């Protein structure tokens, strides 16, 4: 009977750990997106605080995914600040290339004719 409660407690702690891990990736990605925008050469598009933060968070998730696939991080680990910043720079670079190739429109830029 006691073993059932212990395993249920472990499942709850594991689930909380996953939620905290995702929140940590979002926070690190937010900061990494701002740093990547400052470090990235070029016109520094996307302009806009929210879009920069979203691209930074996407970069942190990208760094976490690649790091776990390569074996740099355990499945319960997220990317650190440097890895998230590198991931954010990669996402920002891809974003700038897609805007330059006019595959997507620049939400912060002036309309092109």
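Here are the numbers for this structure:
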item	result
Relative contact order %, region 23-100, counting alpha carbon pairs below 8 Å whose residues are six or more apart	41 percent
Alpha-carbon gyration tensor eigenvalues x 5, square-rooted, for region 23-100, Å	22, 12, 9
Peptides 75-82, 31-38, 97-104 ordered by average Cβ neighbours within 10 Å, highest first	31-38, 75-82, 97-104
Separation in nanometres of the label points that stand 7 Å from Cα toward Cβ, at residue 23 and residue 72	2.6 nm
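Only the coordinates and a few stated rules stand behind these numbers; no lab work does. The model shown is predicted, which means the values in this text are computed figures rather than measured ones. All Cβ positions, even for glycine, are placed from backbone atoms using ideal geometry, and neighbour counts span all protein chains on display.
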